[in-house]
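Asker: Mind having a look at this structure? Questions to follow.
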Amino acid sequence: MRPDDDTIFPGAALSAFFDGHPVATFAIDTDHVVTHWNSACEQLLGYSAAAMVGTREHWKAFYRRPRACLADLLVAGDIALGQQGLYQGKLKPSSVIPGAYEAEDFFPNIGASGHWLHFTAAPLRDRQGRLVGAIETLRDVTERRNAESALRRAHDNLENLVARRTAQLAEMNERLADDIAQREIADMALRERNLALTELNDKLTLAQQKLLQSEKLASIGQLAAGVAHEINNPIGYVFSNFGALEGYLADLFTVLDAYEEAEADIAMPAVAQRLRALREQIDLAFLRTDIGQLMGESKEGIVRVRRIVQDLKDFSRTDALQQWVWADLRQGIDTTLNIVNNEVKYKADVIKQYGDIPDIECQPSELNQVILNLVVNAAHAMGEARGRITLRTGCENDSEVWIEVEDTGGGIAPEHLSRIFDPFFTTKAVGQGTGLGLSLAYTTVQKHHGRIEVRSVVGSGTTFRITLPVRQAPLAAP
Ligand SMILES: Nc1ncnc2c1ncn2[C@@H]1O[C@H](COP(=O)(O)OP(=O)(O)OP(=O)(O)O)[C@@H](O)[C@H]1O
Ligand SMILES: [Mg+2]
């Protein structure tokens, strides 16, 4: 049953417009019978108007099984029901046409691979406003949908790619961080190693310098001892020859005296005359006094040389090195003073204030070195003005003796006091002091189980006091 066109679209002109309209459109009446099916609809859905108009089979263009289209719901007044069931919430009221609804859906049966359609259905009313049918327009949005989903896919791909890349980057970053951390650890270890090596190197340098210094001291000692030994022999026979010479000269003068006395009795005046002339020429009287004086001075000189040589031998005592013997410290001090005399004599007067002390068990040559260092330091501490170096000895009780070396030099700055016994601590210019003197003194005094103390007032002087036990414990002096 086909209603009259005019009921829905009055006038053939409008019907022609409807047919020529580029948007696919169909209409149904209140009995759900198709009244219009335009050519755009034919093209889009693949069903001709001839096949559709007058039937209720418009569903076939969309679905496999019979069901209501949007236009049918409007005609039946079932929108609410269709929204819940058939269209599952996809329906939206049109914002332009009152009472119209629209939706977008995919129709797998249209065409070879289905189409996306945007469809709008509006109610049709006559002049009195009564419902006479419904019209539905269909817009193919497949291309847009495809483009959208392609875009979405591309977007998804991109996101995937970004996520993958991000993950890769994060992993790489983590590896890099790991790498850096490991490198930092290695670096730290290397730095620690380097520090340890530098420290070790410093220690080695110190040890080497110490070794060099003690080697130097030892070789100087040996050299001095060797020279002293070599000089000792010739001085020995010069000294003894000198004694003999003195005797011979005395004899000769006695004979000369006798000749002088006999001169008056010489009978031949020419001989007597010649003798007198000779005596006056050589000034025998002067010779007599001068020879005595020369002999006296020379003897003193030889005695002094002998003493210096003896002191040198005593001081170095290479033969007695490392041996514990009983010795009088005062002798050692005297010997040492003779050795350093040259260093001291232009700078200070030496005053000896020896108290009585017993012999002590010691290594004399080493203690001599200690005293030498203290005396030389004292001499070096003197300023422009000539000063005084006082050497004292004494004993507290029967078990300990002490030696003091006091000077009137410049004193030691308080901040240096705690460091003067450190090896290589020196306030002297480079090349002038090694800073080992007091360190060696300290070591030697410790070896003797004694102690070394210092008092100093800047500007007025310094006193070093060494206290030593008289007897070494049995283990210390094997
Ligand atoms: N009697 C003193 N008066 C003032 N300062 C002193 C005296 N004795 C030592 N000092 C200070 O202590 C430092 C260390 O003395 P030490 O004898 O160990 O080394 P040094 O004299 O500098 O060098 P060297 O190895 O040639 O003896 C000296 O440089 C000096 O500053
Ligand atoms: Mg010194």
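Asker: In the range 105-127, how many are more than 21 Å from E57 (Cα to Cα) and either of a type outside the set (S, T, Y) or surrounded by 15 or more Cβ atoms within 10 Å (Cβ to Cβ) (or both)?
Answerer: Going through the range 105-127 one residue at a time, the tally reaches 3.
Asker: Here are the criteria: (1) surrounded by fewer than 17 Cβ atoms within 10 Å (Cβ to Cβ); (2) closer than 14 Å to G450 by Cβ. Tell me which single one G355 does not satisfy.
Answerer: (2)
Asker: Looking at (1) within 14 Å of ligand 2 (Cβ to nearest atom); (2) in contact (Cβ under 8 Å) with a residue 60 or more places away in the chain; (3) touching a His at 6+ places or on another chain (Cβ under 7 Å), find the lone condition where C362 falls short.
Answerer: Checking C362 against (1) within 14 Å of ligand 2 (Cβ to nearest atom); (2) in contact (Cβ under 8 Å) with a residue 60 or more places away in the chain; (3) touching a His at 6+ places or on another chain (Cβ under 7 Å), the one that fails is (1).
Asker: Condition test on T426, is it surrounded by 13 or more Cβ atoms within 10 Å (Cβ to Cβ), polar (S, T, N, Q), at pLDDT 90 or above and away from ligand 1 (no atom under 12 Å from the Cβ)?
Answerer: Taking the combined requirement at face value, the residue does not satisfy it.
Rundown of residues vs (1) outside any helix (DSSP H, G or I); (2) modelled with pLDDT of 90 or more, yes/no style:
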{"position": "M1", "(1), (2)": "yes, no"}
{"position": "P10", "(1), (2)": "yes, no"}
{"position": "F18", "(1), (2)": "no, no"}
{"position": "H36", "(1), (2)": "yes, yes"}
{"position": "C41", "(1), (2)": "no, yes"}
{"position": "R56", "(1), (2)": "yes, yes"}
{"position": "R64", "(1), (2)": "yes, yes"}
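Asker: What are the residues in the range 433-462 that are surrounded by fewer than 17 Cβ atoms within 10 Å (Cβ to Cβ) and either near ligand 1 (Cβ under 7 Å from one of its atoms) or acidic (D, E) (or both), if any?
Answerer: G433, E453
Asker: Being under 23 Å from K428 (Cβ atoms) and surrounded by 22 or more Cβ atoms within 10 Å (Cβ to Cβ) is the filter; apply it to the range 360-371 and report the residue that is farthest from ligand 1 (Cβ to nearest atom).
Answerer: Ranking the candidates gives N368 first.
Asker: How do the pairs read when you match residues in the range 428-451 that are more than 25 Å from M382 (Cα to Cα) with residues anywhere that are part of a loop (DSSP other than H, G, I, E, B) and within 13 Å of ligand 2 (Cβ to nearest atom), using Cβ under 8 Å and keeping only pairs 6 or more apart or on different chains?
Answerer: Partner pairs satisfying both residue conditions: none exist.
Asker: Next question, about the same structure. Out of the residues in the range 282-318 that are of a type in the set (S, T, Y) and surrounded by 15 or more Cβ atoms within 10 Å (Cβ to Cβ), which is modelled with the lowest pLDDT?
Answerer: The extreme case among them is T318.
Asker: Which of the residues spanning the range 319-342 are of a type outside the set (A, V, I, L, M) and exposed (fewer than 15 other Cβ atoms within 10 Å of the Cβ)?
Answerer: The answer is D319, Q322, Q323, W326, Q331, N341, N342.
Asker: Can I ask one more? Inside the range 46-55, can you point out the residues that are touching a residue at least 24 places away in the same chain (Cβ under 8 Å) and either within 18 Å of E102 (Cβ to Cβ) or exposed (fewer than 15 other Cβ atoms within 10 Å of the Cβ) (or both)?
Answerer: The answer is G46, and nothing else.
Asker: In addition: Is it the case that some residue within the range 260-282 is under 30 Å from F239 (Cβ atoms) and either assigned by TED's automatic domain parsing to the domain that holds P234 or part of a helix (DSSP H, G or I) (or both)?
Answerer: Yes, because at least one residue in the range 260-282 is under 30 Å from F239 (Cβ atoms) and either assigned by TED's automatic domain parsing to the domain that holds P234 or part of a helix (DSSP H, G or I) (or both).
Asker: When you go through R392, R388 one by one, which is the residue that is more than 14 Å from ligand 1 (Cβ to nearest atom) and either touching a helix residue (DSSP H, G or I) at 6+ places or on another chain (Cβ under 6 Å) or at pLDDT 95 or above (or both)?
Answerer: Sole residue among the options that is more than 14 Å from ligand 1 (Cβ to nearest atom) and either touching a helix residue (DSSP H, G or I) at 6+ places or on another chain (Cβ under 6 Å) or at pLDDT 95 or above (or both): R392.
The rows are residues; the columns are (1) farther than 30 Å from K313 by Cα; (2) surrounded by 12 or more Cβ atoms within 10 Å (Cβ to Cβ); (3) of a type in the set (S, T, N, Q).
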site	(1), (2), (3)
L200	yes, no, no
G221	no, yes, no
V227	no, yes, no
S240	no, no, yes
Y248	yes, no, no
D265	yes, no, no
E280	yes, no, no
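Asker: Tell me yes or no: at least one residue of the range 129-141 is in the same structural domain as L91 (by TED's automatic domain parsing), exposed (fewer than 11 other Cβ atoms within 10 Å of the Cβ) and farther than 21 Å from V23 by Cβ.
Answerer: Checked the range 129-141: at least one residue is in the same structural domain as L91 (by TED's automatic domain parsing), exposed (fewer than 11 other Cβ atoms within 10 Å of the Cβ) and farther than 21 Å from V23 by Cβ.
Asker: Given the criterion of a type in the set (A, V, I, L, M) and out of contact with any helix residue (DSSP H, G or I) (no Cβ under 9 Å at 6 or more places or on another chain), identify the matching residue among I371, I351.
Answerer: After applying the criteria, what remains is I351.
Asker: For the range 23-45, which residues satisfy the criterion of being touching a residue at least 24 places away in the same chain (Cβ under 8 Å) and among the aromatic types (F, W, Y)?
Answerer: F26
The values are calculated or read from the model by the stated rules, or taken from the named source; none is laboratory data. As the structure is a computational prediction, the values presented were derived from the model and not from experiment. Note: ideal-geometry Cβ built from the backbone for every residue, glycine included; neighbour counts use all protein chains shown.
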